[in-house]
Amino acid sequence: MLSKKEKKLIKEIWERLTPVAEDIGSDALLRMFASYPGTKTYFSHLDISPGSAHLCSHGKKIVLAIAEGAKDISQLTVTLAPLQTLHAYQLRIDPTNFKVRLGSGWGLWSGSELLSHCMLVTLACYLGSEFTPVAHAAMDKFLSAFAAVLSEKYR
Ligand code: HNI
């Protein structure tokens with residue numbers, strides 16, 4: 001659960017990042033493709049090389065969707081309903097498709113969690129010391145909730 005203060009912080013961070021949505025989104029995507037190559041298979045119809053038009057426009061869409069969700073976190077399931085349907089039914093992004101190493105054992109992370117994780121790293125790089133432990137913890141919770149909603153409908 002996010003406190004009122006955390007929700008405010010998250011909203012402010014994403015508002016601040018909206019003008020650089022393209023940079024943030026494409027950086028997070030490139031990190032996901034590099035660290036978890038299996039995720040690239042969903043994008044075989046697009047040119048996802050660094051700096052490409054597809055990568056930039058897709059990166060921007062992702063960040064704007066996250067920023068929109070951050071405006072009213074209590075309404076996340078409502079705001080994300082169309083994206084949930086798209087990812088679960090049309091794109092069929094399998095939430096258990098990606099096996100990654102977690103600590104000493106193998107764990108299963110959903111695709112959206114992978115992207116959330118990469119997004120955290122991107123934010124840390126971009127925001128530097130502004131990305132305080134408090135902001136990090138709040139963002140982690142928010143992105144996990146976001147990812148959970150996106151993959152919830154997959155059967
Ligand atoms: Ni995702 C399309 C947001 C995770 C694969 N995705 C979108 C769109 C948004 C979006 C916004 C554009 C919808 C539209 O055009 O109407 N995706 C997000 C967010 C996350 C996420 C916020 C995670 C937090 N998507 C993922 C993951 C994968 C993924 C993990 C696959 C590994 N998404 C796609 C694909 C498309 C897509 C594929 C369609 C791309 C296209 O343009 O054809």
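Taking each DSSP H run with n ≥ 4 as -39500 (n - 2.57) and averaging over every residue of the chain yields -19000 deg cm²/dmol at 222 nm.
Stretched out straight at 0.36 nm per residue, the stretch from residue 90 to residue 74 would grow longer than its current Cα-Cα span by 3.2 nm. Give me the net charge for the shell around residue 131: Cβ to Cβ below 13 angstrom, other residues only, Lys and Arg +1, Asp and Glu -1. Cβ neighbours under 13 Å give a net charge of -2. Please name which of 32, 48, 20 has its Cα lying farthest along the dipole of the chain towards the positive end, using unit charges on Cβ (Lys, Arg +1; Asp, Glu -1) and the Cα centre as origin. Going by the Cα projections, it comes out as 32. Estimated from the Cβ-Cβ distance and a Förster radius of 35 angstrom, the FRET efficiency linking residue 20 and residue 153 is about 0.70.
Largest GNM mean-square fluctuation across 128, 69, 59, computed for the chain with C-alpha springs under 10 Å, falls on 128. For the chain, report the translational diffusion coefficient in µm²/s to the nearest whole number, using Stokes-Einstein at 20 °C, 1.002 mPa s, and a Kirkwood Rh over Cα pairs. Taking Rh from Cα pairs, D becomes 135 µm²/s.
Straight-line reach from residue 141: which aspartates and glutamates have a Cα under 13 Å away, not including same-chain ones fewer than 8 places off? In chain and number order, the partners are 6, 113.
Here the peptides 74-81, 129-136 are ranked by packing, the mean other Cβ count within 10 Å, and the order with the highest first is 74-81, 129-136. Please tell me which of these pairs span more than 28 angstrom C-alpha to C-alpha: 61/153; 7/153; 4/40; 7/40? Distance filter (> 28 Å) returns 4/40; 7/40.
Any read-out appearing in this document is the output of simple, stated calculations on the displayed coordinates, not a laboratory observation. None of these values were measured; they are calculated from a predicted model. Because the Cβ atoms are built from the backbone with ideal geometry, glycine has one as well, and the counts that use them run over all protein chains shown.
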